[in-house]
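Please read the structure below before turning to the comments.
All of the numbers you see were taken from the coordinates with simple rules; none came from a lab. Not measured: the values here are computed from a predicted model. FYI the Cβ positions are ideal-geometry reconstructions off the backbone, even for glycines, and counts take in every protein chain you see.
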Amino acid sequence: MRRQLGALLLGGALVGSGGALAHHSFAMFDQEHPVELEGTVQEFKFTAPHAFIILVVKQEDGRLETWSLEGVSPSALVREGWSRTTLKPGDELKLRVTPPRRAGRRLGHPAHPLQRRQSRGARSVIR
Amino acid sequence: MLDRRAIQIAALLAMLALAASGARAHDEAKYPDWKGQWTRGNGPAQWDPSKPGGPRQQPPLTPEYQAIWEANMASQASGGESYNPQAVCLPSGMPRLMIAYEPIEIIVTAEATYVRSDHLSEFRRIYTDGREWPKNVEPTYTGYSIGRWIDSDGDGRYDMLEVETRHLKGPRTFDASGIPFHVDNAAVIKERIALDKADPDLLRDEITAIDHALTRPWTVTRTYRRDRAGEWFEHVCTEDNHHVVIGKESYFLDAAGYLMPTRKDQPPPDLRYFQSRK
């Protein structure tokens with residue numbers, strides 16, 4: 001799983017180095033100020049033009065906030081060994097994302113996945 | 001009598017079939033092997049791969065189009081992408097298609113060479129049947145391409161495809177930074193495509209753009225690396241595109257389908273045809 005999450009990291013790394021790698025620019029995401037998120041996967045959308053992780057994040061005050069995390073294209077992920085079942089609803093993720101540069105929160109691009117553990121069975125922890 | 005005539009006809013057909021297959025085999029031997037999956041070979045997706053993206057691309061734009069490009073980059077920096085047709089899934093068209101955002105496939109036949117890309121499901125046709133330019137051509141994003149095979153080293157096999165593309169349709173940009181083409185869409189794109197002499201898995205496309213937004217022809221060389229066993233994938237951009245352009249503003253749809261701003265203090269779209277809640 002570390003290798004597969006590494007592919008998602010690749011998306012963030014390429015964004016940081018060059019900008020335009022997909023059908024649109026990633027300049028809207030602030031590469032200089034990533035934020036760390038820890039939450040539960042609500043949905044993994046393996047769809048074009050970009051895969052999405054819908055992540056429910058618990059705030060310090062207990063409120064739940066839903067984030068849309070835009071990744072690279074499914075075709076690029078397939079070449080890195082991903083599939084539509086790589087992430088499942090209920091999976092717990094801890095990752096670093098780049099939020100929108102000047103708009104509100106709750107939208108981001110995965111930058112550095114730090115930790116993932118499966119909620120059912122809790123077999124693996126990656127740091 | 002009938003049987004003998006039938007046998008003669010069958011023999012004649014067999015001879016014709018043999019002759020035809022022999023000719024086809026002969027023709028195929030003249031064309032280079034460009035089969036496989038070609039992946040962008042020189043890094044990020046700026047138009048001139050020999051220079052960093054953004055302002056350091058230094059395209060030879062006229063002052064008018066330099067100003068348009070700078071406005072596009074400023075828009076991009078603030079989160080806007082209304083200048084970028086791809087953001088709303090319009091095709092890259094030529095020559096941006098040859099950036100190869102996703103791997104490309106090149107299908108060589110005697111009559112035409114086809115270039116297809118998973119990215120945005122794009123497809124271009126390069127006629128190599130010796131035709132002249134048609135008088136009336138409806139412009140398209142990939143344009144109308146006529147190619148000519150070259151045997152540059154005289155070994156009896158073609159090794160280079162020279163291509164000219166005209167009759168292009170807009171809007172198109174060179175790359176995601178918004179380097180513009182002239183709005184008259186009179187661009188002519190010339191290409192010289194060939195394998196590296198020492199490395200048969202390295203393909204080069206020398207691309208020259210001639211356009212009224214440019215002060216001189218602009219030539220770049222893009223490279224592609226071959227994977228003979230690469231898997232192909234479907235990429236339907238409109239399947240779940242969250243980027244929305246309304247007027248000159250770019251917005252984003254969140255997971256629940258609500259419209260989000262992409263920059264600080266961005267105004268909402270004009271909702272005059274919707275009843276507001278009092």
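Find out how many positive minus negative residues lie around residue B:211, taking Lys and Arg as positive, Asp and Glu as negative, among other residues whose Cβ is under 11 Å from that of residue B:211.
+1
Test of understanding: in a Gaussian network model of chain B with alpha carbons linked when under 10 Å, which of B:197, B:135, B:51 would top the mean-square fluctuation ranking?
Taking springs between Cα atoms under 10 Å, the residue moving most is B:135.
Note the angle between two axes, namely the Cα long axis of helix B:63-77 and the longest principal axis of the Cα atoms of chain B, as a number of degrees from 0 to 90, rounded to the nearest 10.
70
Rounded to the nearest 20 Debye, what is the dipole magnitude of region B:35-181 about its Cα centre when Lys and Arg each give +1 and Asp and Glu each give -1 at the C-beta?
240
Stokes-Einstein D for region B:21-112 at 4 °C, 1.567 mPa s, Kirkwood Rh over Cα pairs, in µm²/s?
78
Using θ = phi - 60° and the Karplus relation 6.51 cos²θ - 1.76 cosθ + 1.60, list the HN-Hα couplings for region B:182-189 in order, rounded to whole Hz, with x at every Gly or Pro.
Calculated HN-Hα couplings, in order: 5, 5, 6, 6, 9, 4, 10, 10 Hz.
I need the phi-derived Karplus couplings for region A:56-68: 6.51 cos²θ - 1.76 cosθ + 1.60, θ = phi - 60°, integer Hz, Gly and Pro marked x.
9, 10, 8, 7, 4, 8, x, 5, 9, 10, 9, 10, 9
Tell me, what ³J(HN,Hα) does each residue in region A:29-36 have, in order and in whole Hz, if you take phi through Karplus 6.51 cos²θ - 1.76 cosθ + 1.60 with θ = phi - 60° and put x for Gly and Pro?
So the Karplus estimates, Gly and Pro as x, are 9, 7, 5, 7, 10, x, 10, 9 Hz.
Sequence-distant or interchain residues sharing an amide H contact under 5 Å with residue B:236, placed H: which?
Residues meeting the amide H criterion: A:48.
In debye to the nearest 20, how big a dipole does region B:67-149 give about its Cα centre with +1 on each Lys and Arg Cβ and -1 on each Asp and Glu Cβ?
In debye, rounded to 20, region B:67-149 gives about 240.
Mean separation of Cα pairs under 8 Å and 6+ residues apart, divided by the residue count of chain B: what relative contact order is that in percent?
Reported relative contact order: 21 percent.
Of the cross-linked pairs B:35/B:197; B:51/B:248; B:135/B:190; B:30/B:169, which ones have a Cα-Cα span greater than 24 Å in the structure shown?
B:51/B:248; B:30/B:169
Output the 0 to 90 degree angle, nearest 10, between the alpha-carbon long axis of helix B:2-30 and the longest principal axis computed from the alpha carbons of chain B.
Between helix and principal axis, roughly 50 degrees.
Given bins 5 angstrom wide, list per bin the percent of all Cα-Cα distances in region B:77-163, short to long.
3, 12, 19, 19, 17, 12, 8, 4, 3, 1, 0, 0
What is the set of long-range amide H partners of residue B:112 at a cut-off below 5 Å, with H atoms built 1.01 Å from backbone N?
Under 5 Å from the amide H of residue B:112: B:128.
If I histogram all Cα-Cα distances within region B:124-278 using bins 5 Å wide from 0, what percent of pairs lands in each bin?
2, 7, 10, 13, 14, 14, 12, 10, 7, 5, 3, 2, 1, 0, 0, 0, 0
What are the chymotrypsin sites (Phe, Trp or Tyr not before Pro) within region B:86-148 that DSSP puts in a loop, where the Cβ has at most 13 other Cβ atoms within 10 Å?
Passing both the DSSP loop test and the Cβ count: no residue.
Which of these, B:112, B:255, B:67, has the largest mean-square fluctuation under a Gaussian network model of chain B (Cα springs below 10 Å)?
Its mean-square fluctuation being the largest, the pick is B:255.
Using alpha carbons only, what's the Rg to Rh ratio of region B:37-237 with Rh from Kirkwood?
In region B:37-237, Rg relative to Rh is 0.96.
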